[in-house]
Amino acid sequence: MGLKPYDRKISQIFNNIQYDVDFYQREYKWNDELDYKPVSSLLKDIFYRFDLERYNPAQEINQESTEKLEWYYLNTFMTNLIKGKKYIVDGQQRLTTLTLISIALYHIGLKHDLPEYITDALKNSIVGNSEFGKVFWMGFKDRHIALNDILVNNIDFRHSPENVSEKNIYRNYSIVLEKLQENLQTPHKLQTFISYFRHRIYLIEVEVDKDKDVAMVFEVINDRGVPLKPYEILKGKILSQIDIADRDKYISIWEQQIQKIEVYGESEIDEFFGYYFRSKFADTAEQYAKLDRTRYHKTIFLDEYDLKIQLKDHELNARYFVEKTFPFFSDVYIEMLVHYYNYSEEFAAVYFNRLNDVDGQFVVTMSAIQLNDSNKAEKLKLIPRYFDTFFSTLNLTNSYKSNEFNVSVIATTIAVRNSNVEHAKESIKQQLLNVVRKKYDRENLDEAFKYEFFKNLGYNDLGGTFLRYYFARIDHFISDFSDENEYGTYYQLVVQSRGGDVYHIEHIITNDPKNILLFNDEEDFNVQRNRLGGLLLLKGRVNQSSGMELYSKKLKTYNVTGTYYARTLLPDMYNKKVAFVRYIEKENLNFKPYKVFGKPEIEERHSLLFELTKRIWSFD
């Protein structure tokens with residue numbers, strides 16, 4: 001391996017050298033919305049050093065006086081020369097920002113009527129001319145459109161940004177121009193700073209001789225500064241194995257898929273790779289942990305994992321992964337994300353799992369799906385539903401513990417790998433049964449969901465989100481078979497936290513001394529009123545105003561603003577809702593109105609919820 005370092009002034013870096021960006025490099029993502037404010041920080045560092053020189057407004061500005069200024073080392077950048085073309089392997093974020101500084105200085109120079117030779121020198125460090133037109137030294141990946149816009153029009157932008165790089169170019173140019181104008185308010189100080197900026201600020205250019213060495217060097221140097229994301233390092237490691245003559249094709253495939261995922265947020269890219277490698281290659285809890293979204297890019301190349309994955313120093317497998325495996329499974333992930341963020345009846349379970357913040361569905365679903373799986377659509381519908389049933393049943397049998405659930409997800413991932421739908425269903429059922437058996441110490445248990453496990457479940461046994469989710473599912477189930485419009489979206493019923501449509505868990509029986517008389521004693525009263533049979537969903541403001549009302553008054557509230565399930569306590573539901581009455585008769589469901597509500601009524605409603613739960617969460 002050969003590394004050749006060279007001291008470069010800014011005037012030398014941007015001097016008839018047209019740069020391209022190597023595939024290791026990301027888009028121009030610097031922006032001051034990031035915590036470390038890279039653009040403002042860079043300018044701050046430069047001006048801090050410049051101000052140490054104790055600017056003298058009477059000082060003559062020439063080459064001799066400029067060379068007496070203290071030099072400042074800004075940082076390094078790495079390049080790779082391939083077939084006469086210079087690629088930036090590392091440092092394009094910084095070099096792009098320095099180009100924006102040059103453009104801003106150019107416009108400020110024009111404003112202050114600096115001599116033409118100064119503004120021409122600045123312009124030549126931004127753009128040159130060829131027989132084919134303007135050539136922007138940092139104009140790769142069509143960035144010349146945005147750079148030309150600000151070079152010609154300054155802050156009066158005419159082009160609408162079309163990608164992340166362009167958006168940040170415009171945003172950062174505005175920041176740079178403002179800060180330079182603030183600090184350089186006289187022509188003399190401006191000219192002094194231009195000379196300092198172009199001739200006394202140095203960067204070290206590190207040239208990498210061999211293309212095959214770039215991936216290794218790139219990962220090492222990015223342990224400092226602003227680190228690359230794992231998916232960016234993975235890209236370098238995989239694509240560097242492919243012959244450079246064919247590499248453009250694979251870069252295009254890779255970037256196309258990355259951009260499709262990034263629509264849902266950059267963090268989803270590493271989430272995908274973590275989910276994918278876990279789904280296909282984690283055979284133990286330890287491997288599952290080491291293949292998470294923060295470590296997979298290193299883990300998969302370790303010898304222990306490479307025996308299964310075979311993406312290390314294997315060009316044919318690297319090609320196949322980029323051309324076949326990555327596009328197929330990233331499309332699966334994207335399809336799930338569509339339904340994860342947007343409710344659709346056909347893929348409702350994907351959305352339901354999101355409401356409960358259980359993302360194990362991604363690993364389990366991808367595990368069951370094979371490359372080019374002809375049953376992909378069926379698995380995308382059913383496996384998230386089985387996963388929802390798994391999670392919900394654990395909660396509704398009081399068997400859920402987060403650590404044990406995570407262990408079960410890992411076991412399920414392994415059990416369903418590359419399996420058919422029926423095998424996946426049976427595997428998830430078996431994992432559910434294993435957990436419930438352990439909870440109740442019942443080795444001979446053959447059915448996970450029994451009334452004896454559900455009977456005493458209540459307000460204090462379930463988290464607030466899951467309680468709202470449970471009653472939202474109950475409410476929608478009833479409204480669906482009754483051919484009625486929904487009473488609130490799932491989002492409103494479960495997770496919305498502000499506004500007038502927020503829902504809370506309502507105790508049907510208030511904590512009033514008069515109500516205690518309906519029970520054996522105060523302890524029995526507290527137990528019974530907190531059971532699921534004594535609860536429902538109600539809008540927040542209504543919930544607060546009805547909090548201490550007796551049951552007879554609560555019925556009036558439910559009649560006006562109650563959810564569908566709340567209104568089943570009223571006679572009107574049985575007099576006017578024909579479809580509802582037909583369904584409950586057909587299904588033998590014990591819905592009925594109540595004039596009074598005490599211990600027997602809570603038991604009846606609790607038993608009714610058990611029957612509804614079996615219909616909603618099933619493996620059928």
Within segment 374-391, can one find any residue that is free of Cβ contacts under 8 Å to residues at least 24 places away in the same chain and out of contact with any Ser or Thr (no Cβ under 6 Å at 6 or more places or on another chain)? yes
Looking for whichever is over 30 Å from Gln59 (Cα atoms), modelled with pLDDT of 90 or more and of a type outside the set (Gly, Ala, Ser) here; the options are Asn222, Asn183, Asn153. Which one fits? Asn153
Looking only at segment 306-328, filter to residues that are of a type in the set (Lys, Arg) and at pLDDT 95 or above; which one of those is surrounded by the fewest Cβ atoms within 10 Å (Cβ to Cβ)? Lys324
Ile244 meets each of (1) in contact (Cβ under 8 Å) with a residue 40 or more places away in the chain; (2) out of contact with any strand residue (DSSP E or B) (no Cβ under 9 Å at 6 or more places or on another chain) with one exception, condition (2)
Yes/no for Phe277 being outside any loop (DSSP other than H, G, I, E, B) and hydrophobic (A, V, I, L, M, F, W, C): yes
When the residues of segment 539-561 are narrowed to those that are closer than 25 Å to Lys599 by Cβ and at pLDDT below 85, which ends up least open to solvent (accessible area, probe 1.4 Å)? Ser546
Among the residues of segment 83-103, is there at least one that is at pLDDT below 90, closer than 17 Å to Gln12 by Cβ and open to solvent by 50 Å² or more (accessible area, probe 1.4 Å)? no
Could you please tell me which pairs satisfy a Cβ distance under 6 Å, a separation of 6+ or placement on different chains, a first residue in segment 406-429 that is within 17 Å of Asp620 (Cβ to Cβ), and a second residue that is open to solvent by less than 60 Å² (accessible area, probe 1.4 Å) and part of a loop (DSSP other than H, G, I, E, B)? Lys425/Phe619; Lys429/Phe619
Leading residue by the ranking (modelled with the lowest pLDDT) among those in segment 562-613 that are among the basic types (Lys, Arg) and surrounded by 15 or more Cβ atoms within 10 Å (Cβ to Cβ): Lys577
Got a sec? Which helices (runs of 4 or more DSSP H) wholly within segment 458-520 have at least 1 residues that are modelled with pLDDT of 90 or more? 464-481, 490-494
Looking at segment 24-50, which of its residues are over 16 Å from Phe197 (Cβ atoms) and either free of Cβ contacts under 8 Å to residues at least 40 places away in the same chain or touching an Asp or Glu at 6+ places or on another chain (Cβ under 6 Å) (or both)? Arg26, Glu33, Leu34, Asp35, Lys37, Ser40, Ser41
Can you list the helices (runs of 4 or more DSSP H) found entirely within segment 335-416 that contain at least 3 residues being within 23 Å of the chain's Cα centre (by Cα) and of a type in the set (Asp, Glu)? none
Residue under question is Val206, and the condition is that it be open to solvent by less than 60 Å² (accessible area, probe 1.4 Å), closer than 30 Å to Lys4 by Cα and either assigned to a helix (DSSP H, G or I) or modelled with pLDDT of 95 or more (or both); does it hold? no
Identify the residue in segment 329-373 that is under 12 Å from Tyr490 (Cβ atoms) and among the aromatic types (Phe, Trp, Tyr) and, among all such residues, is most open to solvent (accessible area, probe 1.4 Å). Tyr343
Just give me the residues in segment 2-14 being surrounded by fewer than 16 Cβ atoms within 10 Å (Cβ to Cβ) and either within 38 Å of the chain's Cα centre (by Cα) or modelled with pLDDT of 90 or more (or both), in sequence order. Leu3
Would you be able to say whether some residue in segment 108-126 is open to solvent by 50 Å² or more (accessible area, probe 1.4 Å) and closer than 14 Å to Gln18 by Cα? yes
Verdict on Asn434 being touching a helix residue (DSSP H, G or I) at 6+ places or on another chain (Cβ under 8 Å) and either in a helix (DSSP H, G or I) or open to solvent by less than 30 Å² (accessible area, probe 1.4 Å) (or both): yes
Any hit, segment 51-73, residues being surrounded by 14 or more Cβ atoms within 10 Å (Cβ to Cβ) and either without any contact (Cβ under 8 Å) to a residue 24 or more places away in the chain or closer than 22 Å to Val208 by Cβ (or both): no
Output the qualifying pairs, or none if there are none: Cβ atoms under 6 angstrom, residues six or more apart or on different chains, first residue in segment 308-334 and of a type in the set (S, T, N, Q), second residue open to solvent by 40 Å² or more (accessible area, probe 1.4 Å) and part of a helix (DSSP H, G or I). Gln310/Asn317
Residue check: is Tyr565 in contact with a Leu (Cβ under 9 Å, 6 or more places away or on another chain) and farther than 23 Å from Leu467 by Cβ? no
Select, from Ile238, Ile242, Ile261, the only residue that is assigned to a loop (DSSP other than H, G, I, E, B) and either modelled with pLDDT under 90 or surrounded by 15 or more Cβ atoms within 10 Å (Cβ to Cβ) (or both). Ile242
Please find, within segment 149-166, the residue that is nearest to the chain's Cα centre (by Cα) out of those that are in contact (Cβ under 8 Å) with a residue 24 or more places away in the chain and outside any loop (DSSP other than H, G, I, E, B). Val164
Applying the selection to segment 289-299, what residues are open to solvent by less than 30 Å² (accessible area, probe 1.4 Å) and either over 19 Å from Ile253 (Cβ atoms) or among the aromatic types (Phe, Trp, Tyr) (or both)? Leu291, Tyr296, Thr299
Members of segment 180-201 that are under 38 Å from the mean Cα position of the chain (by Cα) and crowded, with 19+ Cβ neighbours inside 10 Å: Leu180
Among helices (runs of 4 or more DSSP H) completely within segment 34-148, the ones holding 1 or more residues that are of a type in the set (A, V, I, L, M) and on the phi < 0 side of the Ramachandran plot are 38-52, 92-111, 116-124
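The values are calculated or read from the model by the stated rules, or taken from the named source; none is laboratory data. Please read these numbers as outputs of a predicted model, since none were measured by experiment. Ideal geometry is used to build each Cβ from the backbone, glycine not excepted, and the neighbour counts take in all protein chains shown. Ligands, DNA and RNA are stripped out before the accessible areas are found, and what is left, the full protein with its side chains, is counted by its heavy atoms. Shrake-Rupley method; radii C 1.70, N 1.55, O 1.52, S 1.80 Å.
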